[in-house]
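Single-structure report; data block below.
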Amino acid sequence: MSINIKSTIKTLGCALLAGLLTLSVFSANVAADDIYPDNPDDGVITQNEQQTDLLNEKHDGWPTINAAAFILYDATSGAILVGKDYETQKEPASMTKVMTILLALEKLDMNQTITVTGAMAKEINELEKDYVRLGLQEGEEITVKDLIYAAVLKSANDCCIVLAHQIGGSEADFCKMMNEKAEELGCRNTHFTSCFGYAKEDNLTTAFDLSLILNEAVSKTIYSEIAKTYTYKISATNKYSSTRELTNANRFISTADFKYDYYVGGKTGFTDSAGNTLCAAAKKDGRVLIGVLFNAGSSTSRYRDMIKLFDFGYTNFTTVPITEAEFTPIINDTRNQMERLMSETNLYISEQKAALTGYVTTTSSRAQLGSTNKIDLSKTVIDSQAEEQTLEIPLCKVYSDKTYIVGKLVVKIEQKAGVIEINPKKKNHLTDVRRVLIMFAALSGMIVAIIIILLILRAKMIKRRRDESTRRAKML
């Protein structure tokens, strides 16, 4: 038998549950897919749909971006705010280095010294003449820290080759590690065949995938600290007698014209086939936005367009934290209603927990009108005959024109273990009455027994006196 909680609460109430339980029996465990609406026009946005939902809305002042593909990704909520061909594979050029540096920061000690081997030097010497390099030589001893800073600030390709060989044994094996990491991060269309961004037709990624990679670098490592460094000095080595001073080539850091207060890290790139590329991260009021541009209009317009994207994102969209505390009152109320509904059954709630998304992003204009929270019980059904069942009930944030599913209330319901529970007060009262009755019956029995014994003794005394009187009369 099944109980539709919402309709029962609204129309029948707890008093009719016992009657409902006798009508029919059918299975109604709620699967994860069943808790989400099927109608795309009902204004309810599922957790999966929230990543791209805002792209379907019309916004005033939408920025004009001169790039073949681009994205503005809200790393805090996972929502895509603006985008064009962001799932289309493109050559990233030196933006590839973000993944290389990410792995180097994860797997190597910054103070470790690496010696440039013959195999490393061979690959370095095969680089085309116009490819940027630090000038490493075979046998040169240099720290991991120096290699990383040179790769990020100067975009030194020879430094990436040395890091790749040190971590993976060869560039090919290191690229396998790059692809495995990309898959781990949720990248869907990435295939690296170069550790530094060589102009290859098969060294490909997408704007969306690269936003995930950059977010991992700036949020989980010291990449941001490195990328925001203005100058860095590499001390003399056994092959290079003087200090090498590096100036950050990224114009967010090196120029006043493109200085952006909220910039927290990124990487530029260029090859003839890839054009001008740029990925960048910004952080404002705890909210991280990631922008990626492929084949931008020019080396300068990519910075200008990136700032347009960031300003548009921070002005027109709001990311709202979702906390369990704000749902606690309605969760408690729902539990109380469910327990009242099950009070005439052998069911009870054995476990309950809320699983929330953490954040939801919506337009600033919508957020300004306010929102309410609700639990959607419309598809929640309890099977009164099941030994055990788990319900997944949507938790929603409701705005004037749109409802976001921001989590679920997971409720586990089980059958009681064949024990009839007695109200403690009733149990004590019945026990007291029973005890009085037993005592009364015992006393009554004793009184009756005494009376009978007395009557028997009296009868014997009367008979004995009568016998004595008769005996005396005969003697006379």
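The values are calculated or read from the model by the stated rules, or taken from the named source; none is laboratory data. Remember, predicted model here, so these are calculated numbers, not experimental data. Cβ atoms come from the backbone with ideal geometry, glycine included; neighbour counts cover every protein chain shown.
Summed over the stretch 158-169, the residues that are under 17 Å from Thr96 (Cα atoms) and either without any contact (Cβ under 8 Å) to a residue 60 or more places away in the chain or part of a loop (DSSP other than H, G, I, E, B) (or both) give a count of 6.
Inside the stretch 172-184, residues that are crowded, with 22+ Cβ neighbours inside 10 Å and either among the hydroxyl-bearing types (Ser, Thr, Tyr) or touching an Asp or Glu at 6+ places or on another chain (Cβ under 9 Å) (or both) make up a count of 1.
Taken as a whole, the structure leaves Lys283 outside the set of residues that are assigned to a helix (DSSP H, G or I) and closer than 21 Å to Lys228 by Cα. Among helices (runs of 4 or more DSSP H) entirely within the stretch 288-407, having at least 3 residues that are among the acidic types (Asp, Glu) singles out 324-341. The sole residue among Gly168, Gly197, Gly265 that is surrounded by 18 or more Cβ atoms within 10 Å (Cβ to Cβ), of a type in the set (Gly, Ala, Ser) and over 30 Å from Leu81 (Cβ atoms) is Gly168.
Among the residues making up the stretch 177-189, those that are touching a residue at least 40 places away in the same chain (Cβ under 8 Å) and not charged (D, E, K, R) are Met177, Met178, Ala182, Asn189. Apart from one condition, Phe174 fits all of (1) over 12 Å from Leu102 (Cα atoms); (2) in contact (Cβ under 8 Å) with a residue 24 or more places away in the chain; (3) in contact with a Ser or Thr (Cβ under 6 Å, 6 or more places away or on another chain); (4) not in a loop (DSSP other than H, G, I, E, B); the exception is (3).
Figure legend. Inter-residue proximity from the stretch 246-272: first residues farther than 21 Å from Ser211 by Cα and assigned to a strand (DSSP E or B), second residues at pLDDT 95 or above and of a type in the set (A, V, I, L, M, F, W, C), beta-carbon distance below 8 Å, spacing 6+ or different chains. Indicated pairs: Leu246/Ala150; Leu246/Leu153; Leu246/Ile234; Thr247/Leu153. When Val132 is tested against (1) in contact with a strand residue (DSSP E or B) (Cβ under 9 Å, 6 or more places away or on another chain); (2) surrounded by fewer than 18 Cβ atoms within 10 Å (Cβ to Cβ); (3) closer than 22 Å to Leu246 by Cα; (4) not small (Gly, Ala, Ser), exactly one condition is not met: (1). Within the stretch 127-145, is there a residue that is assigned to a helix (DSSP H, G or I) and free of Cβ contacts under 8 Å to residues at least 40 places away in the same chain? Yes: one or more hits. Somewhere in the stretch 202-221, is a residue in a loop (DSSP other than H, G, I, E, B) and closer than 29 Å to Lys122 by Cα? Taking every residue of the stretch 202-221 in turn, at least one turns out to be in a loop (DSSP other than H, G, I, E, B) and closer than 29 Å to Lys122 by Cα.
Quick check: is even one residue across the stretch 186-194 assigned by TED's automatic domain parsing to the domain that holds Met120, more than 27 Å from Gly135 (Cα to Cα) and buried (at least 17 other Cβ atoms within 10 Å of the Cβ)?
yes
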